[in-house]
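Below is one structure, written out as structure tokens; the observations come after it.
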Amino acid sequence: MITGLKRYGVLCVLCILFVQNVSGQSIYEKYDIYRSPFRVFINKFSFTLTTGYSRNTYAHDLSGVFFYQDPVSQFVFSNGENPGPTITGFTDWLNNPQPGVETSIENPFLVPFDYLANPVNNPLLGNQTLLVDTDSIPLGFRGVSGGIPVSLNLHYNFLDFRIGGGFTWERQFVRELEPTSLQGQVRNYQPNFKSTSYTRFYGLVGYRFYQFWTYDFVAELMVGKFGQGKQFDGSAISKGLFTNFGISIENNWSEYFRVIIKPSIDFKKHTINLPDGATISHRTPSFFIQVGLSINIPEIPRSPMKSDHVQLKHIYTDPKTGKLKEVRGQPLWKRQNPKVGENHRRLWRYKWKNRKKLNPY
Amino acid sequence: MYKCCSLLLLLLLIGSCSKDDPAPVTQADTEIRSYIDSLGISAVRDESGIYYYAIDSNPGGVPVSPGTVVSFYYRLSDLNGGTLASVQRSDGDSLLAKQGASAIYPVGLDIGLSFMRSGETFGIILPPSLGYEQLTSGAIDPDLVTLLEVEVVGVVSEAEVFNQELTEMSDYVSDQNLNDLVANPVDPVEFTTSGVAYKRKREGSGLSPINGDSIVLNYDASFISGGSFDSRSDFTFVWGADIPRPFIPGLEFGVSRMLTGENALIIIPSSQGYRESAQVIPASIIGDLIDDSIIPDYVSTIPPYRTLIFDVTRVD
């Protein structure tokens, strides 16, 4: 074993010498050192998996519609014509507009509707019918809710730039939306679903604009298509692309492995097309804070010898074929060609239960 | 010792949370007490915060109790003696109100009446919180401490009121010769057990309404004592949908037996109509209270305990 390690060490030193002396010429060609072309190619790509928390806003301004509210329902309908004594509007205008029941827009406390027991200061009086032309009285709804995104992306690195694409799946937990005006008269909008899914397919470009020790700061822009869960009626919705801009802060543990924290903001909107011709535009921006891992598949494999923990990348001679192969002795998350102390700044004897002892042994 | 102290503390806490706590002393109390002292009278402060004192007592009178119908006159003034409104004997009929049913505004008057008997006159001083504090129109200063001098002239039960209404309805039928089928075809007046009287004036065809039918009515509505209060043409609604709310029971009962094209008089005692409605002092602020969502809209049209007549044609 020790003999073997010495041999590899000598080879390693030779490699370094060759690199220094044979400048401008690939040592892999000169000494016929094998490296998998696929590994070399795939090494240029980074695979990133992140998850975290999203803060999602649902906001819309009603315009071009009548908003109607009675003690049991809320709905909207086009204000193209003056409403008659009975109306049929649409509920669930956030995601899946449904025809409401035919409704009288009479004041429920006028003759000939029923008397009200305990009439003075009866709470029901604050919950009367309401009909608002949103072109005259601006009205909208806004709510904020949380979600859990999971993103997987792949990008190609060259110089300080990166280009790639990816996929995000997000579970959103939707809360009720509060009115932006007429508070106290208009009740909160209650979505007909508690949670939904969002999917995003996107292209990605990025630029590493700052480095600090092992940290990279990368500005990333993602543009792509997004899909909404089955709670959203796709036939009644038109939507464009979404845009996401964020700063990826990456701690490089090694050239293959990094830990990421990424805040980003996401802009998207969709428009509900009501059957009566009215449209309602919904803005649904989000703020994400995600953490995750990013790896590059190493261009060389681990040494086949389990006891090989050589700090530097080195040459290994395949005993069967006699070919030279470049291998690494360190796992993915360790620096492959570390400087002194980079991989083992603290000895094991000083860790865990002995971490506070001056002289553990 | 420690346990005893804990128990005592707990009892004190529970006691402090009691809902029977008297209203805290306010600046209005200071003003009211100063006024009472200036008069040299003794007044009782109720736990709600109102003050009352007897001007004329009548220990043998019928006590006002929750659910009874009170006939009264009043004079509303500020503590400087300026009259804001009044209804006195010289103005005509007394006002009616059901005590203890949240059907009287201001709320302090409802409370004050509960201490009175028929034949008595009380002074009831209302702090703003039980007076006109809720009124946003400014018709009466919301911070004003008000004095109501109330004379209760009668206390009866609702059953007695309804019996009087039935008598009134019978008199009306006789006076109008509604059972004279030559002068007033088609059917004689039918008095139902609920008290509603139904007089078919023109026969219809088809079926009586069933749930989900779209019904169209023309009607004129008036008080049995005279005076129209509502009229509608092509009033459309879905039978049984109860949207936005059900109708008054008397009208619903009457329409339930109407065929298409039928015309009928439906005479509705208050028990099947708007019952106690609400009594507002003074009447001039009814519109403001409706705007403030303090009372229902129909209060502006229907005073308490009124018998109604609907002349209805089903036209759908």
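Quick look at the values:
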item: Tally, over the stretch B:200-232, of residues that are touching an Asp or Glu at 6+ places or on another chain (Cβ under 9 Å), modelled with pLDDT of 90 or more, part of a strand (DSSP E or B) and not basic (Lys, Arg); result: 12
item: Among (1) surrounded by fewer than 20 Cβ atoms within 10 Å (Cβ to Cβ); (2) closer than 15 Å to B:Tyr105 by Cα; (3) in contact with a Ser or Thr (Cβ under 9 Å, 6 or more places away or on another chain), the one test that B:Ile140 misses; result: (1)
item: Output for the stretch A:182-204, where each listed residue is farther than 23 Å from A:Phe45 by Cβ and either among the polar types (S, T, N, Q) or in a strand (DSSP E or B) (or both); result: A:Gln183, A:Gln185, A:Val186, A:Asn188, A:Tyr189, A:Gln190, A:Asn192, A:Ser195, A:Thr196, A:Ser197, A:Tyr198
item: Residue that is surrounded by the most Cβ atoms within 10 Å (Cβ to Cβ) [pool: residues in the stretch B:162-209 that are among the small types (Gly, Ala, Ser) and over 29 Å from the mean Cα position of the chain (by Cα)]; result: B:Gly204
item: In the stretch B:257-311, residue nearest to the chain's Cα centre (by Cα) [restricted to those that are facing chain A (nearest Cβ under 9 Å) and under 18 Å from B:Val189 (Cβ atoms)]; result: B:Gly273
item: Selection from the stretch A:261-274 of residues that are surrounded by fewer than 20 Cβ atoms within 10 Å (Cβ to Cβ) and out of contact with any helix residue (DSSP H, G or I) (no Cβ under 8 Å at 6 or more places or on another chain); result: A:Ile261, A:Pro263, A:Ile265, A:Phe267, A:Lys269, A:Thr271
item: Inter-residue pairs, beta-carbon under 7 Å, first loosely packed, with under 10 Cβ neighbours inside 10 Å and in the stretch A:338-361, second not aliphatic (A, V, I, L, M), 6+ apart; result: A:Tyr361/A:Arg349
item: Given (1) more than 7 Å from chain A (Cβ to nearest Cβ); (2) closer than 30 Å to B:Ala139 by Cα, index of the condition B:Pro249 fails; result: (2)
item: Those residues of the stretch B:170-199 which are in contact (Cβ under 8 Å) with a residue 12 or more places away in the chain, among the charged types (D, E, K, R) and part of a strand (DSSP E or B), in sequence order; result: B:Lys199
item: Boolean, A:Gly100 is within 14 Å of chain B (Cβ to nearest Cβ) and either without any contact (Cβ under 8 Å) to a residue 40 or more places away in the chain or surrounded by 20 or more Cβ atoms within 10 Å (Cβ to Cβ) (or both); result: yes
item: Filtered residues of the stretch B:99-110 (kept if within 12 Å of another protein chain (Cβ to nearest Cβ) and either basic (Lys, Arg) or outside any strand (DSSP E or B) (or both)); result: B:Gly100, B:Ala101, B:Ser102, B:Ala103, B:Pro106, B:Val107, B:Gly108, B:Leu109, B:Asp110
item: Residue among B:Ser42, B:Ser34 that alone is without any contact (Cβ under 8 Å) to a residue 40 or more places away in the chain and touching a strand residue (DSSP E or B) at 6+ places or on another chain (Cβ under 8 Å); result: B:Ser42
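The values are calculated or read from the model by the stated rules, or taken from the named source; none is laboratory data. It should be emphasised that the depicted structure is a prediction, and the values quoted were computed from it without experimental measurement. FYI the Cβ positions are ideal-geometry reconstructions off the backbone, even for glycines, and counts take in every protein chain you see.
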